[in-house]
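Reading through the structure tokens given below for one structure.
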Amino acid sequence: MRLIKFMFCVPFIVLSLAVVSPLHAQSGGTVAKVNGVAIPQARLDLMVKAAVAQGQPDTNEMRNALRENLIAEEIIAQEAVKKGLDRDPEVVTQIELARQAVLIRAFQADYIRNNTISDAELRKEYEAVKSQMGDKEYKARHILVETEKEAKDIVAMLKKGGSFEKLASERSIDSGSRDNGGELGWSPSAVYVKPFADTLKNLRKGELTSQPVQTTFGWHIIQLDDVRAAVPPTFEEVKQNMQQRVLQRNFAELVESLRKKAKVQ
């Protein structure tokens, strides 16, 4: 279970900064004909481009293998049409969804190509994120459980000399930290949800929370292991993540503006 919000490291789920080529055909010709139906060269070119983007070398063997795949897929697709599966309502819906997904990716790619983020804007974003981090980093560990009663029971065990690490491995429902004795590593308080962060900042080194802390994840017993001065990454180190962050936010704002303009009944 993740407690961390995004800061400098932002997974860019909606958009991709990879070079995306236009989806329309770039070359003529055919790869093969199956029962008189031509398989366009552009289809093979697109598959080769995708394979190369994933790190595969562009070789004759790879192209031949992809060609055989296209032929096999065309044969199967033709058989599906013969059986009338292309008229099945569920299949029709899946085809419509696939078409929509391709159009969305094309729109996103077009947005990326036509919306360059300046270094000035990126630096502004960097400074804003850096200011949110604060000047301290905390090395903490926690035990996360579902109920307040269970959390209080664990606090009582710890006060009687119980091992935090052992109880974390046995009782915590946070799969990301329980195998490490509940350790969360070094982070600024701003990366945690507010109740957790507020509690952490008020603890002294080596101190344990006397009462469980409730968040949207459940009930936490928190221990502060250490504190140190924060050293933020340099602008160059996180420039790409800043670009993703700004693009994602701008794209979300665009979608929201389109949503407001759309006539939805």
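The values are calculated or read from the model by the stated rules, or taken from the named source; none is laboratory data. Since this is a predicted model, take the numbers as computed values, not measurements. In this analysis, Cβ positions are derived from the backbone assuming ideal geometry, glycine residues included, and neighbour counts consider all displayed protein chains.
Here are a few things to note about the model shown:
- Cross-chain or 6+ apart pairs with Cβ under 7 Å, the stretch 123-141 first and part of a helix (DSSP H, G or I), then of a type in the set (Val, Ile, Thr): 125/246; 126/238
- Test for residue 209: is it surrounded by 19 or more Cβ atoms within 10 Å (Cβ to Cβ), of a type in the set (Ser, Thr, Tyr) and out of contact with any Cys (no Cβ under 8 Å at 6 or more places or on another chain): yes
- Residues (surrounded by fewer than 20 Cβ atoms within 10 Å (Cβ to Cβ) and aromatic (Phe, Trp, Tyr)) located in the stretch 215-265: 217, 235, 251
- Filter result for residue 238 (modelled with pLDDT under 95, part of a helix (DSSP H, G or I) and out of contact with any Lys or Arg (no Cβ under 7 Å at 6 or more places or on another chain)): yes
- When the criteria are applied in full, residue 76 meets the requirement of being in a helix (DSSP H, G or I) and more than 14 Å from residue 32 (Cβ to Cβ).
- Single condition residue 27 does not satisfy, out of (1) at pLDDT 55 or above; (2) of a type in the set (Gly, Ala, Ser); (3) exposed (fewer than 12 other Cβ atoms within 10 Å of the Cβ); (4) within 31 Å of the chain's Cα centre (by Cα): (4)
- Scanning the stretch 182-217 for residues that are assigned to a strand (DSSP E or B) and within 23 Å of the chain's Cα centre (by Cα) gives 183, 184, 185, 186, 187, 192, 215.
- Test: residue in the stretch 165-181 that is part of a helix (DSSP H, G or I), at pLDDT below 95 and within 16 Å of residue 218 (Cα to Cα): yes
- Residue check, residue 105 outside any strand (DSSP E or B) and surrounded by 13 or more Cβ atoms within 10 Å (Cβ to Cβ): yes
- Yes/no for residue 150 being surrounded by 13 or more Cβ atoms within 10 Å (Cβ to Cβ) and under 22 Å from the mean Cα position of the chain (by Cα): no
- Residue 196 satisfies every condition listed in (1) in contact (Cβ under 8 Å) with a residue 60 or more places away in the chain; (2) in contact with a His (Cβ under 8 Å, 6 or more places away or on another chain); (3) over 25 Å from residue 249 (Cβ atoms) except (3).
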